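In what follows, a single structure is set out as structure tokens and then discussed.
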Amino acid sequence: MGRVWVCVLAQAGAAVTTDTITRDAILRTSEVTRTAGLSRATLYRKMAAGTFPRSIPLTDTAVGWLASEVNAWIAERVRARDARIAA
């Protein structure tokens, strides 16, 4: 498994829990393509179209995505599917 960077977005003095870290983990490209089920080209195409969360620059050559945003995108795909089935 690839590296997972952690971005803690808690206010000063707030407790940092395992749940916070899981939701706000920064996923690298390989984890995002595997998790979202998209190829790298499709991932970047969807980002350009505004239909996938934008990446976060980590260094001059590395980017990542917040796990919470990727998971929200997946959850929206499931809601859209369920809405079509119910209609």
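I'd like the full set of residues that are crowded, with 16+ Cβ neighbours inside 10 Å and among the β-branched types (Val, Ile, Thr), limited to the range 64-77.
Selection gives 70 alone.
Considering only the range 34-79, state which residues are touching a residue at least 40 places away in the same chain (Cβ under 8 Å) and in contact with a helix residue (DSSP H, G or I) (Cβ under 9 Å, 6 or more places away or on another chain). Please lay out each step first, then the result.
Just the residues of the range 34-79 that are touching a residue at least 40 places away in the same chain (Cβ under 8 Å), to begin with: 56, 58, 64, 66-68, 70-71.
Passing the criteria: 64, 66, 67, 68, 70, 71.
Take the range 23-56 and flag every residue that is surrounded by fewer than 14 Cβ atoms within 10 Å (Cβ to Cβ) and part of a loop (DSSP other than H, G, I, E, B). Talk me through it step by step, then tell me what you get.
Within the range 23-56, the subset surrounded by fewer than 14 Cβ atoms within 10 Å (Cβ to Cβ) is 30, 34, 37, 39-42, 45, 48-51, 54.
Selection gives 37, 39, 50, 51, 54.
Search the range 12-22 for residues being of a type outside the set (Ser, Thr, Tyr) and either over 17 Å from residue 68 (Cα atoms) or in a helix (DSSP H, G or I) (or both), and hand back the single one that is modelled with the lowest pLDDT. Lay out the reasoning, then the answer.
Within the range 12-22, the first condition is being of a type outside the set (Ser, Thr, Tyr), and the residues that meet it are 12-16, 19, 21.
Among the residues that remain, those that are also either over 17 Å from residue 68 (Cα atoms) or in a helix (DSSP H, G or I) (or both) are: 12-15, 19, 21.
Values: 12: 45, 13: 51, 14: 50, 15: 54, 19: 57, 21: 54.
Only one residue fits best here, namely 12.
The values are calculated or read from the model by the stated rules, or taken from the named source; none is laboratory data. Bear in mind that the values here come from a model prediction, so they are computed numbers and not experimental data. Glycine also receives a Cβ, built like all others from the backbone with ideal geometry; neighbour counts cover every protein chain displayed.
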